[in-house]
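Structure, as structure tokens:
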Amino acid sequence: NGQHHGTKHDPGHGEEARRCLDAASKAWADIAAKRMYITGAVSYREHFHADGDFPNTADVGECCATVTLMQLGLELFRITGEASIMDTLERAIYGHLLGAQQAGTGDICYYTALEGTKPYNHSINCCLSSGPRGIALLTTFAATRDADGGVRVNLWSDGTIAPPDSGLKLRVATNWPYESAVKLTVDAAPAPEITLRLRIPACTG
């Protein structure tokens, strides 16, 4: 179920707040354009490298770096409500985060290289604990509440969307990202009416 996390909130007043938001937004844009693998993973060997430096093997795609990227993106989305942020997060979620977990056992990869076998593990370290934490975050922003009380659907997946205190309950039927069709059924609608905003993934345009 989608949970209540507002968007387009003012991060604070004054020039300092605006400078901080501007710096974070520029960092996000740089990472999304120049520091992300095609899978959505970021970094190798635990730090960013020169533009276009994306080796396929070795210590590639650190799981906790991807989850930290998600956290940055979510804070920016909370403040700005920019749908493009969700496009980047979707890439990281479907391309790396979910692929770093073994479906049968729940084991997680510390690194997920583009070539070779995945080194699933269940020991305790930063990445093997961050992976499940990132997956657990998904339900908190699959659907969010805007400052005007409206509901925004950010991620597409089979299931039910019922943000707390919204009065709205949606059933979603889809095989996204393998198929582009999405069917929405309204099981409950609030009174008075609220705005429903649906993100159209950039890759479908």
* Asked: Restricting region 27-48 to residues that are at pLDDT 90 or above and assigned to a loop (DSSP other than H, G, I, E, B), which is nearest to Asn125 (Cα to Cα)?
  -> Ala41
* Structure fact -> Out of (1) part of a loop (DSSP other than H, G, I, E, B); (2) polar (S, T, N, Q); (3) touching a residue at least 24 places away in the same chain (Cβ under 8 Å), the one Ser157 does not meet is (3)
* Failed criterion for Gln3 (all others in (1) of a type outside the set (Gly, Ala, Ser); (2) assigned to a loop (DSSP other than H, G, I, E, B); (3) at pLDDT 90 or above hold) -> (3)
* Structure fact -> Scanning region 36-52 residue by residue, those open to solvent by less than 60 Å² (accessible area, probe 1.4 Å) and under 16 Å from the mean Cα position of the chain (by Cα) turn out to be Met36, Tyr37, Thr39, Gly40, Ala41, Val42
* Say we look at region 72-87 and pick out the residues that are touching a residue at least 60 places away in the same chain (Cβ under 8 Å), touching a helix residue (DSSP H, G or I) at 6+ places or on another chain (Cβ under 9 Å) and of a type outside the set (D, E, K, R); which of these is most open to solvent (accessible area, probe 1.4 Å)? -> Ser84
* To do: Name the single residue, out of those in region 176-196 being within 15 Å of Arg145 (Cβ to Cβ) and within 26 Å of the chain's Cα centre (by Cα), that is surrounded by the fewest Cβ atoms within 10 Å (Cβ to Cβ).
  => Thr195
* Asked: How many residues does region 173-205 hold that are of a type in the set (Val, Ile, Thr) and touching a Gly at 6+ places or on another chain (Cβ under 6 Å)?
  -> 2
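Out of Pro11, Pro55, which single residue is loosely packed, with under 15 Cβ neighbours inside 10 Å, at pLDDT below 95 and touching a Cys at 6+ places or on another chain (Cβ under 8 Å)?
So the residue among Pro11, Pro55 that is loosely packed, with under 15 Cβ neighbours inside 10 Å, at pLDDT below 95 and touching a Cys at 6+ places or on another chain (Cβ under 8 Å) is Pro11.
The values are calculated or read from the model by the stated rules, or taken from the named source; none is laboratory data. Since the model is a prediction, treat every value here as computed from it, not as a measurement. Note: ideal-geometry Cβ built from the backbone for every residue, glycine included; neighbour counts use all protein chains shown. Just so you know, the surface numbers come from the protein's heavy atoms only, side chains and all, with ligands and any DNA or RNA stripped out. Shrake-Rupley method; radii C 1.70, N 1.55, O 1.52, S 1.80 Å.
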